[in-house]
2 protein chains.
Amino acid sequence: MSNITITKTSELKKKYEDANKLVFGEMYTDYIFTMRYLPEKGWHDAQIKPYENISLNPASLVFHYGQEIFEGMKAYLSPNGEPLLFRPDENFKRMSSSAERLKMPKLDEKLALEGLCELLKLEKDWIPALEGTSLYIRPTMIAVDPYLGLKPSQEYLFFIIMSPVGAYYATGFNPVKIYVETKYVRAVPGGTGNVKAGGNYAASLLASSAAKDKGYSQVLWLDGIERKYIEEVGAMNIFFRFNDAVVTPELSGSILPGITRKSIIQLLKDDGYSVEERHISIQEVFDRAKKGELLEAFGTGTAAVVSPVGILNWNDEVIEINENKTGELTLKMFKHLTGIQTGQIDDKYGWSLKI
Amino acid sequence: MSNITITKTSELKKKYEDANKLVFGEMYTDYIFTMRYLPEKGWHDAQIKPYENISLNPASLVFHYGQEIFEGMKAYLSPNGEPLLFRPDENFKRMSSSAERLKMPKLDEKLALEGLCELLKLEKDWIPALEGTSLYIRPTMIAVDPYLGLKPSQEYLFFIIMSPVGAYYATGFNPVKIYVETKYVRAVPGGTGNVKAGGNYAASLLASSAAKDKGYSQVLWLDGIERKYIEEVGAMNIFFRFNDAVVTPELSGSILPGITRKSIIQLLKDDGYSVEERHISIQEVFDRAKKGELLEAFGTGTAAVVSPVGILNWNDEVIEINENKTGELTLKMFKHLTGIQTGQIDDKYGWSLKI
């Protein structure tokens, strides 16, 4: 804490009036945490200051070569009114992996977490208490050298901003319709699909917009090589509950290693479910659905936590899963995980960090 | 011109003193051209103003989801001292393709070119006249909505900045050493490899830095599916001159459709060379090199124009091309194209635009 300079604002923003009306990612809190990196100084100049614009030379690498990574986390209020973070160490660890892949400096994970905790103490009143709401946290690292040759930046800016949010999907906790993408590809092994690099998301916008135009919430990506195997959904990992096992794509090198994914696998195993991390072809999913062996499907991710999948469209063949209703296991996992996250269920895993 | 507001600066920057000492992309001119896009207004607010920082909300999409595209162009001084642009319409057309792939608005290509021409008139004194130097031009489009949900931005900023540059490679017009990348992948069909999206470049930094550490200038990318076929070099397309034909990878959907590439193909054909755009395996290149059939290799791109390739390393097998000397055809193409670009050779193609 001694390393973080805090500058208070004289005027706090007007907060949301009705937590029921919160949407995703449109309103920001009063402060921002920032720190800078230079090779000779390492991470330095850690500060919390009033939320403000970032001013950069238009030649800054982040605008041209996409050298930028981010994380997504959430803070909840415990029943006693204490801020809770969910496995923040995992997020900062993953951010360091993302940094390595994009030739950015390893994060000072300890200082980043310290900064986040200080920020949360200051902004506690921004954490909504209503069920389904939370304070979304966005750690970001960007390359700021004003240089047009293609090479890694020397200087970097790391910042954390926060936004009170409601449900990620406008539909709330209801089954989403997913469109299986066959034209565009998200990632291949050897690329950047297994890290949270900005470019992955830019590449996904065309397909997800086309899916939205057809009435679907998200796309389901297939592998970029054979275009057969299931990878992940736009902003989530995906699970299928068959008769005999719960199956999710293995981390093949082009799939994001979701922290919610990892936590759900743990919960499932501890609940006695057989969990398989393996190649799953889209053909298998459709075949087994037709045989009545596909009982449920759900996505997992920080933003939506657990999201039931009701409809899958693959080349205009449509399957309905569990009569387009939220499945029993999906609901159980959602309740169990959000229970831990909000401090309403005993956290025997030590996942929840009290601030 | 009536649509562009021009604000003059009262104090011009100090210009470079010695054009011989110019490096690539470190110094910027006095002005920036900017315009904005909103769905309801289209492209608007076109202005030329003193070069200044860009100030953005830290939640702006460009920092998180890499929704950003760019182009690279050069202005030269003709023997009469007039600024010359090389096929600028092709760059702005390609920028519109990039925009489409990243779900960004189509560029107002006419207004962008008009802005660039006005900018060049104002900044003519920045164009270096020395052989091998030019004024590098960087049109860029970034997504600026302050919104953390994953969706295309509504608002965009387009800007053009310029930088007087010397040779792209510190070695000047001399053969470069290229490392064939076998671990990392640049792009696959269905991805964004055929457009100038920031994320493509971020994804390339780890491999190119590792190659530099081994003493190589750039990496040569293989296809992401079979890892057999040649795609492109870090910042260039690539050509091989075999005994019987000049061969370059076909535009497969994951290769950047270079404007220099296209121009060189035209020059080669008009000079009577047989040019093949086709799949080329790295095995073929090494096999034919060993048989003495590989006479020359060169890269093409805006930054380096034409760059001889002297050494290729593939899994630590090394071939030397043309005794690591600049080949006769490579030199001829370089001289012909730069001759057209600088107005020293008659431009029967109408590629050169006088400002």
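Looking across B:Asp270, B:Asp244, B:Asp287, one residue alone is modelled with pLDDT under 95 and either open to solvent by 60 Å² or more (accessible area, probe 1.4 Å) or out of contact with any Asp or Glu (no Cβ under 9 Å at 6 or more places or on another chain) (or both). It is B:Asp244.
Once the range A:13-24 is narrowed to residues that are open to solvent by 40 Å² or more (accessible area, probe 1.4 Å) and within 20 Å of A:Arg138 (Cβ to Cβ), the residue that is nearest to the other protein chains (Cβ to nearest Cβ) is A:Val23. Restricting attention to the range A:99-113, the residues that are away from chain B (no Cβ under 11 Å) and of a type in the set (D, E, K, R) add up to 4.
Specify which of the listed residues (A:Ala202, A:Ala210) is among the small types (Gly, Ala, Ser), within 14 Å of another protein chain (Cβ to nearest Cβ) and open to solvent by less than 10 Å² (accessible area, probe 1.4 Å).
A:Ala202
The residue pairs whose first member lies in the range A:36-50 and is closer than 11 Å to A:Glu155 by Cβ and modelled with pLDDT of 95 or more, whose second member is not in a strand (DSSP E or B) and not small (Gly, Ala, Ser), and whose beta carbons are closer than 8 Å, counting only pairs six or more residues apart or on different chains, are A:Arg36/A:Glu155; A:Tyr37/A:Pro105; A:Tyr37/A:Glu155; A:Leu38/A:Gln154; A:Leu38/A:Glu155; A:Pro39/A:Pro105; A:Pro39/A:Gln154.
Restricting attention to the range A:335-343, does a residue exist that is within 18 Å of A:Lys177 (Cα to Cα), outside the structural domain of A:Phe86 (by TED's automatic domain parsing) and open to solvent by 10 Å² or more (accessible area, probe 1.4 Å)?
no
Could you go through the range A:83-92 and let me know if any residue there is out of contact with any Ser or Thr (no Cβ under 9 Å at 6 or more places or on another chain), modelled with pLDDT under 95 and surrounded by fewer than 18 Cβ atoms within 10 Å (Cβ to Cβ). Looking through the range A:83-92, none of the residues is out of contact with any Ser or Thr (no Cβ under 9 Å at 6 or more places or on another chain), modelled with pLDDT under 95 and surrounded by fewer than 18 Cβ atoms within 10 Å (Cβ to Cβ).
Applying a threshold of 6 Å to beta carbon distances and a minimum spacing of six or more residues, or different chains, the list of pairs starting in the range B:307-329 at a residue that is more than 17 Å from B:Lys290 (Cα to Cα) and ending at one that is among the β-branched types (Val, Ile, Thr) and outside any strand (DSSP E or B) reads B:Pro308/B:Thr326; B:Pro308/B:Thr330. State yes or no: is B:Met27 farther than 30 Å from B:Leu150 by Cβ, within 14 Å of chain A (Cβ to nearest Cβ) and open to solvent by less than 10 Å² (accessible area, probe 1.4 Å)? The answer is no for B:Met27.
With the condition kept exactly as written, say whether any residue in the range A:193-211 is out of contact with any Phe, Trp or Tyr (no Cβ under 9 Å at 6 or more places or on another chain), assigned by TED's automatic domain parsing to the domain that holds A:Asn313 and of a type in the set (Phe, Trp, Tyr).
Scanning the range A:193-211 turns up no residue that is out of contact with any Phe, Trp or Tyr (no Cβ under 9 Å at 6 or more places or on another chain), assigned by TED's automatic domain parsing to the domain that holds A:Asn313 and of a type in the set (Phe, Trp, Tyr).
Within the range A:30-53, being surrounded by fewer than 14 Cβ atoms within 10 Å (Cβ to Cβ) and of a type in the set (Asp, Glu) holds for A:Glu40, A:Glu52. For the range B:213-238, the candidate set comprises residues that are among the small types (Gly, Ala, Ser) and surrounded by 22 or more Cβ atoms within 10 Å (Cβ to Cβ); within that set, the residue that is nearest to A:Tyr201 (Cα to Cα) is B:Gly224. If you go through the range A:36-71 and pick out every residue that is in contact with a helix residue (DSSP H, G or I) (Cβ under 8 Å, 6 or more places away or on another chain) and within 14 Å of chain B (Cβ to nearest Cβ), you end up with 13.
A quick yes/no check of all residues on (1) loosely packed, with under 15 Cβ neighbours inside 10 Å; (2) in the same structural domain as B:Leu220 (by TED's automatic domain parsing); (3) modelled with pLDDT under 95:
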| site | (1), (2), (3) |
| --- | --- |
| B:Phe298 | no, yes, no |
| B:Trp314 | no, yes, no |
| B:Glu317 | yes, yes, no |
| B:Asn322 | no, yes, no |
| B:Lys348 | yes, no, no |
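Of these, B:Asp89, B:Asp18, B:Asp45, which one is under 17 Å from B:Ile4 (Cα atoms) and acidic (Asp, Glu)? Of the residues listed, the single one that is under 17 Å from B:Ile4 (Cα atoms) and acidic (Asp, Glu) is B:Asp45. Among the criteria (1) at pLDDT below 95; (2) in the same structural domain as B:Thr326 (by TED's automatic domain parsing), the one B:Leu150 does not fulfil is (2).
The values are calculated or read from the model by the stated rules, or taken from the named source; none is laboratory data. Just so you know, these numbers come straight off a predicted model, no measurement behind them. FYI the Cβ positions are ideal-geometry reconstructions off the backbone, even for glycines, and counts take in every protein chain you see. With ligands, DNA and RNA removed, areas are computed over all heavy atoms of the protein, side chains included. Shrake-Rupley method; radii C 1.70, N 1.55, O 1.52, S 1.80 Å.
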